[in-house]
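In what follows, a single structure is set out as structure tokens and then discussed.
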Amino acid sequence: MKSLKQVNHVLFFILIVFLLLFFGSPFLVPFLFGVFFASLMTPFSNLLEKMRVPRAISALLSTLVIFVVVGGILYALSKQVSLFVADISEVREETVTVFHNIQNYISSIFNVSLEEQRNIWETRSAGIINRLETWLTNFLGNILNTAAGFLLVLVYTYLLLFYRSKFVNSLLRYFKKDNEAEVNEVIRQTSKVVQHYLLGRVKVMALLGIMYYITFLIFDIPYAGLLTIFGALVTIIPYLGPFISGILPIIFGIIYLDQVGIIILFTLIIMTEQIVESYVFEPLIIGSEVQINPLVVIIAITMGAMVWGLAGMILFVPLFAIFKIVSSYTPGLEPVSHFLSPSR
């Protein structure tokens, strides 16, 4: 009976946390992005303060760096998406041409009449393009909404940087003096995880973007800027992101490249670049500090998508990595830390 009560308490606690995360998303999502950006820029802010720059100015300059980098990426992406939406009719024509070529190939190999195929392909191709156009228009609107929410993230980033000592000292007051060194170590490791994850992810995305852009220029793929920015950004979502990042250029290659051999070569290069990004760049640049069990990563992505959508798919992975650190220093939660870690 006692064990059943404990299980009920755990389930009730999980339900409360889930409800708080779900209904608290308007506050929690921008605040957590602010926390992550503030942690990322803390070393830069500390460096400025060592050079006798006042904290108010160092926090402002650090926030300005985030504004220039993230704001520039959002602006470039919105411009590229708007250009693509404006040319969607040309993309439609190219897609229909590709479908016709596939029809002729199927007809010659499988002896299926063109009339039967045409009824299927033209209906479905038109539907696919229409859905793509709607999705891109909504995506452009989401970028604008994200830009508006980004201003709140910048405010949180500045205030967290400015009051960072006060926050740490307030947190330490909840613990005994004997545990102060341990709490400081948890805070240090947590900040290190966030910095490694965000800065490492930026480096990996930049390297993948460079490889993508060179490949698109060599093969003369249209909308190289859009494919590069989107393809690099979407890899911030583990597992699912790299798949989307790789499949979209391949689709464009099938549409715009006119020889089967070139399409196969282009596909192999894109797949090779994805393998290099996932199995070479990520382990070397991001490191093992932020690694968690692949099963937990999938759980984190699924839960994040359920609770916060795209933002949750991005935020929940580093949050689980932080929880792994906290649980390793919390008596009774060591098994949780062991389960979250990638080691057997």
> Going by average Cβ neighbours within 10 Å, how do the peptides 223-236, 325-338, 303-316 rank, with the highest at the top?
Replying inline: 223-236, 303-316, 325-338
>> Quick query: amide H of SER341 versus all other amide H atoms, modeled in the peptide plane; which residues come in under 5 Å with a sequence gap of 5 or more or a different chain?
In response: ASN293
> Among LYS203/LYS324; LYS79/LYS192; LYS50/LYS176; LYS166/LYS192, which pairs are too far apart, with a Cα-Cα distance over 26 Å?
Replying inline: LYS79/LYS192; LYS50/LYS176
>> Through the Karplus equation 6.51 cos²θ - 1.76 cosθ + 1.60, θ set to phi - 60°, convert the phi angles of the stretch 244-252 into ³J(HN,Hα) values in whole Hz; use x for Gly and Pro.
In response: 5, 4, x, 6, 5, x, 5, 4, 5
>> Could you give the length gained by full extension between LYS79 and ASN184, i.e. 0.36 nm per residue of separation minus their alpha carbon distance, to one decimal place?
In response: 33.4 nm
> So how strong a dipole does the stretch 240-344 carry about its Cα centre when Lys and Arg Cβ are +1 and Asp and Glu Cβ are -1, to the nearest 20 debye?
Replying inline: 260 debye
> Between ILE264 and LYS50, what length comes free when the chain is fully extended (0.36 nm per residue of separation minus the Cα-Cα distance, one decimal in nm)?
Replying inline: 71.6 nm
> With labels modelled as points extended 7 Å from the Cα through the Cβ direction, what inter-label distance (nm, one decimal) is found for PHE339 paired with PHE175?
Replying inline: 2.3 nm
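No value in this document is a laboratory result; all are computed from the given coordinates. All values derive from a computational prediction rather than experimental measurement. Because the Cβ atoms are built from the backbone with ideal geometry, glycine has one as well, and the counts that use them run over all protein chains shown.
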